[in-house]
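Novice: Okay, here's the structure, questions in a sec.
Quick note: the coordinates plus some simple rules give every number you see, no bench work behind them. Remember, it's a predicted structure, so these values are computed and weren't measured experimentally. Heads up, the Cβs are rebuilt from the backbone with ideal geometry, glycines too, and the neighbour counts pull from every protein chain shown.
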Amino acid sequence: MSKRRSSHGFYLPDFSVISRIVLAIGGSYGIAVLTDLLFLALPIDDISAIYWGQITSVVVCALMIILVFSLRRLWLAWAVVASLSSILGLICYATI
């Protein structure tokens, strides 16, 4: 695999690197928001649900970023993020 260089001498990233960065930012944010919304469906006070939802969304966001970059196959990373977000979205839609 040859490394491409720009006219300024910088290495140009591959498509898979750019795709993983976009997936890590967008996918982790989306799953974190859905996790945060999921806590509003629990039978606890609204303030506690918001508090615990915020805490878990930060943890889930960090875990999703680690997961996206640790998987070897790019299609598997996209599939995991898409499946988790669809499952969480359906649960949020059904309960809220």
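Novice: Helix 28-38: angle to the longest alpha-carbon principal axis of the chain, degrees 0 to 90, nearest 10?
Specialist: In the chain, helix 28-38 runs at an angle near 10 degrees to the longest axis.
Novice: What is the spread of the Cα atoms of segment 15-95 along each of their three principal axes, largest first, in whole Å?
Specialist: Here the spans come out as 44, 22, 15 Å, largest first.
Novice: Size of the dipole of the chain about the Cα centre, Lys and Arg at +1 and Asp and Glu at -1 on the beta carbon, nothing else charged, in debye to 20?
Specialist: Dipole size: approximately 800 debye.
Novice: Here's another thing I want to ask about it. Which of the chymotrypsin sites (Phe, Trp or Tyr not before Pro) found in segment 5-89 are in a DSSP loop and have at most 10 neighbouring Cβ atoms, other than their own, within 10 Å?
Specialist: PHE10
Novice: Here's another thing I want to ask about it. Quick one: give the max-minus-min coordinate of the C-alpha atoms of segment 37-80 along each principal axis, largest first, in Å.
Specialist: Dimensions of segment 37-80 along the principal axes of its Cα atoms: 41, 16, 9 Å.
Novice: Along segment 12-22, what does the Karplus equation 6.51 cos²θ - 1.76 cosθ + 1.60 (θ = phi - 60°) give for ³J(HN,Hα), rounded to whole Hz, x for Gly and Pro?
Specialist: 8, x, 6, 4, 5, 5, 5, 5, 5, 5, 5
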